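What follows is calculated from the coordinates using simple rules that are stated; it is not laboratory data. As the structure is a computational prediction, the values presented were derived from the model and not from experiment. With ideal geometry, Cβ positions are generated from the backbone for all residues, glycine too; neighbour counts draw on all protein chains shown.
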């Protein structure tokens with residue numbers, strides 16, 4: 001089998017049946033798989049699958065404190081902006097366009113570290129990046145870790161059930177998998193440590209960065225607006241990281257063909273350009289599937305791209321060294337070509 005077919009740990013119910021069709025597990029199977037994958041008492045190799053939900057659990061007190069003790073309409077607005085725009089845009093910039101697709105490069109490691117920690121950290125890079133390469137290779141096919149045709153909960157629980165790396169890779173395949181993260185600054189396990197921990201990222205690095213990141217941001221928000229603002233921001237990060245798990249379900253038409261003429265030009269998969277994720281995070285998803293290595297995904301005049309605004313602003317002040325921009329190529333191959341065809345028909 002090809003490397004991309006085996007780099008992720010297959011769920012107990014499998015990716016496909018004997019006929020090659022997608023296996024759609026029951027909710028009971030999904031929940032059972034979840035608890036198996038996060039059981040660190042059975043195997044410490046499950047630590048990386050547990051960490052995301054552990055961080056969510058750690059943020060729960062902030063949510064209750066914000067709602068029942070500190071809530072004001074002003075903090076509610078801050079909560080909304082941080083969850084819907086700041087967290088979302090950062091994910092597009094850091095996890096999506098840089099860490100996965102290398103759509104731009106930083107001038108130095110300082111700017112990279114700043115961008116990495118620009119918000120409250122809620123996702124380990126490993127859990128996003130490796131699986132997202134598989135997603136693009138197998139979009140809406142068996143093996144896609146968040147295949148929308150398998151239903152909402154298949155996507156919601158994908159970070160634990162489907163996005164973890166294979167725990168039994170050869171040294172050659174592990175090297176290939178670790179190369180997906182080599183440019184991000186994440187401290188990478190040796191092959192021997194991978195065999196012990198079952199992850200690419202070093203546990204000490206991941207947990208140490210988490211503690212430093214959360215400590216910095218709680219302190220910063222406290223000095224700006226007291227415990228109320230700090231709790232509001234951590235609550236917003238929690239709501240975002242839970243809610244974003246549904247994105248690839250809605251972003252791929254809820255498993256159905258929902259492409260719109262003049263809006264969605266990539267018909268090789270079910271991805272669609274949605275207005276809210278597009279305007280709030282620059283996540284024009286169909287455009288992204290069309291040009292995954294582009295630092296800009298908002299190509300049409302109405303497609304505001306806040307992630308691109310951040311990347312281009314860093315470029316202008318010297319924080320970004322190079323970037324890929326596929327807007328001209330998009331217009332040449334889709335918009336202008338359609339105009340030429342229409343003109344020939346009308347002639």
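Values as computed for the structure displayed
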| quantity | calculated |
| --- | --- |
| Residue in segment 91-113 that is surrounded by fewer than 18 Cβ atoms within 10 Å (Cβ to Cβ) and without any contact (Cβ under 8 Å) to a residue 24 or more places away in the chain present | yes |
| Residues within segment 151-168 that are more than 19 Å from the chain's Cα centre (by Cα) and surrounded by 22 or more Cβ atoms within 10 Å (Cβ to Cβ), tallied | 0 |
| Residue among 65, 83 that alone is touching a helix residue (DSSP H, G or I) at 6+ places or on another chain (Cβ under 9 Å), part of a helix (DSSP H, G or I), within 11 Å of residue 231 (Cβ to Cβ) and in contact (Cβ under 8 Å) with a residue 12 or more places away in the chain | 65 |
| Qualifying positions in segment 1-50 - assigned to a helix (DSSP H, G or I) and closer than 25 Å to residue 171 by Cβ | 3, 4, 5, 6, 37, 44, 45, 46, 47, 48, 49 |
| One residue from 112, 16 being within 18 Å of residue 147 (Cα to Cα) and in contact with a strand residue (DSSP E or B) (Cβ under 9 Å, 6 or more places away or on another chain) | 16 |
| Residue satisfying condition, being farther than 26 Å from residue 247 by Cα and assigned to a helix (DSSP H, G or I), within set 172, 130 | 172 |
| Matching entry among 246, 295 (being in contact (Cβ under 8 Å) with a residue 60 or more places away in the chain, touching a strand residue (DSSP E or B) at 6+ places or on another chain (Cβ under 6 Å) and under 30 Å from residue 149 (Cα atoms)) | 295 |
| Candidates 137, 148, 190, filtered to the one that is crowded, with 17+ Cβ neighbours inside 10 Å and over 22 Å from residue 214 (Cβ atoms) | 148 |
